[in-house]
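First the structure, in the form of C-alpha cells, and then the observations on it.
Rule-based calculations on the coordinates, nothing more; no lab input. Computed from a prediction, not measured in an experiment: that's the story for all the values here. With ideal geometry, Cβ positions are generated from the backbone for all residues, glycine too; neighbour counts draw on all protein chains shown.
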C-alpha cells in the first residue's frame, strides 16, 4: 500500500459516501444519473466475486463490502424511496445500459487474463467502470447547471482516477512483475473521460463562478 | 507473472 493508492481509495470512498449521505439527508437525487449508479453497482458486483474466496487483507474485504453496500443503497434510494425517486430526472437520463454493457462483455470475452468465469467478469468490470460515467456526463451536459453535489461527486471520482494512475506508476517501478495491461488501459480511458469535465470544473473554480458546461 | 495475489486493488 502506497500513499497514492490510499489517497485514491479514500477519494473513491468519499465520492460514494458523500453521494449516499446527501441523498439520505436532503432526500433528493436531482442531477444524478441512475444509469451510472446502476452500472457502478454492476461493476462492484462483478469485480468482487472473489470477496469470499480470496482473502487479501482486512482492509480489502471491508472496503469491498462498503463499496457493494453503498452502491446498491444508492440504487435502492433512487428507485424505491418515495421522496428521492420523485427528484430523479428520468426524462433526461436516457442513456441505455445495453450500449455500454454489451460491448464491455464482448471485449471481456476476448481480452482477459484467463478464460474463466471469474477472470472474464473481472475484465468486464474494469471495462465497464471505464465507461460507466458516460450517462452521468450526458446528464450533466443536458441539465447544464450543476449543483455542488454533482460537482463534488464527479470531482472526487476524477481525483480517485488520478491517484490510481500515480499508484500504478509507483508500483511499476517499485514492485517486480507488476504489469496489468487490462487495468492500466481501461483505467487510462476512464481518466481521459474526466479530463473534459475537469477542464470546466477548474475554470469555474478559478474564476469563482458557478459551473456551466458548454453545449 | 500474474497471480491472484496481485489483484489487491479495489
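Things to note:
- Matching residues in region A:72-97 - criterion: being in a helix (DSSP H, G or I), under 20 Å from the mean Cα position of the chain (by Cα) and in contact (Cβ under 8 Å) with a residue 12 or more places away in the chain: A:72, A:73, A:74, A:75, A:77, A:78, A:79, A:97
- Candidates in region A:109-123 are the residues that are over 18 Å from the mean Cα position of the chain (by Cα) and part of a helix (DSSP H, G or I); of these, the one that is nearest to residue A:52 (Cα to Cα) is A:118.
- Selected residue [closer than 24 Å to residue A:71 by Cα, more than 14 Å from every other protein chain (Cβ to nearest Cβ) and assigned to a helix (DSSP H, G or I)] from A:192, A:126, A:157: A:192
- Condition check for residue A:42 on (1) buried (at least 16 other Cβ atoms within 10 Å of the Cβ); (2) within 11 Å of another protein chain (Cβ to nearest Cβ): one failure, at (2).
- For residue A:49, the conditions (1) surrounded by fewer than 20 Cβ atoms within 10 Å (Cβ to Cβ); (2) in contact (Cβ under 8 Å) with a residue 60 or more places away in the chain; (3) away from every other protein chain (no Cβ under 14 Å) are fulfilled apart from (3).
- When residue A:68 is tested against the conditions (1) at negative phi; (2) more than 19 Å from the chain's Cα centre (by Cα), the lone failure is (2).
- Set A:15, A:28: member being part of a helix (DSSP H, G or I) and away from chain B (no Cβ under 11 Å): A:15
- Qualifying residue in region A:143-157 (condition: out of contact with any strand residue (DSSP E or B) (no Cβ under 8 Å at 6 or more places or on another chain) and free of Cβ contacts under 8 Å to residues at least 24 places away in the same chain): yes
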